[in-house]
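The values are calculated or read from the model by the stated rules, or taken from the named source; none is laboratory data. Here the structure is a predicted model, which means the values were calculated and not measured. Quick reminder, even Gly has a Cβ in these numbers, built from the backbone with ideal geometry, and neighbours come from all protein chains shown.
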Amino acid sequence: MSSEADWLVSPSKARIARAQAQDWQFVDAFLSKKYNGKRPPTFERNEETLEALLALATLSDHADEQHNAIEKLKRSALQALTKNSPGDEVYQIIPHRLSADGKASLDMLAQAIVVFNMPLASPPVDLTAAAVSLQHQLFEASQLEDRLVRQVEMQQRDTTRLQAILRDLSDDTFHTDDDLPEKTIEWTKNAKHLKAKIGEYEERYSALRPQSSATNVVDLAKHSDALLRQQQMHKEVRTELDTFQGLPTNISDARRAVEAARDELRKLTRERDQLFEALVKPG
């Protein structure tokens, strides 16, 4: 499908084509003006050329406007200088009547009016507002400059770091060996061989492993419970035997020792009861 057919089908393409046609008309008018109606040199008419010529034409028109404004200002200033007004004598007398500080202040006021591009009859309030606005603009420009400096420094550090990385990557250490394809083929063969061996060993291990691992676990749990019960019984018997520690080995002597201990216990019990009765007995 041709480009004209595309414009008929797509409204967006048609708008772009109309805009480009208007831009080319503006560029052609600009070139005709610059060449005084003569035909400009032949060039390729593409989007890049159109963009460059549009930028050039815009800058040229802006420069012409500034030039015309300067010429108009010059003519106005020349007319103001050549015009004799009743106040000219006053303007000539004022500098001679002012002190040094007054002259400096007057010059500063005149410079401020020129810098701020304000009328001569501007009130002081407008001059103050213009000075504050200029100071604010200077502060913003200073802040912007600081940010740009920091960004440039960061970019320089990043550039240095990337250059160092590039040098490291360009080193012979990161270069591959010439026999890498042969080594890769050999490693692949070894990997396949090892994979086959692993399968073979797994089959052997499965054949050697007991058929019922669950039965072994149950038996082990039973033996563990029996061992714990035996340990508990041994602890209880040991506790009972500790109570007879220190008795004579002869049975008769042991019985007499036990009876003597019982008599001593009964004696101590009676003494305890007597003491308790004495404590609770009213005085």
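Met1 meets all of the listed conditions (1) outside any helix (DSSP H, G or I); (2) surrounded by 10 or more Cβ atoms within 10 Å (Cβ to Cβ); (3) modelled with pLDDT under 75 but one, namely (2). Looking at the range 38-50, which of the residues that are surrounded by 10 or more Cβ atoms within 10 Å (Cβ to Cβ) and within 14 Å of Ala17 (Cα to Cα) is farthest from the chain's Cα centre (by Cα)? In this case the residue turns out to be Arg45. Restricting the range 96-108 to residues that are of a type in the set (A, V, I, L, M) and at pLDDT 75 or above, the residue that is nearest to Ala69 (Cα to Cα) is Met108.
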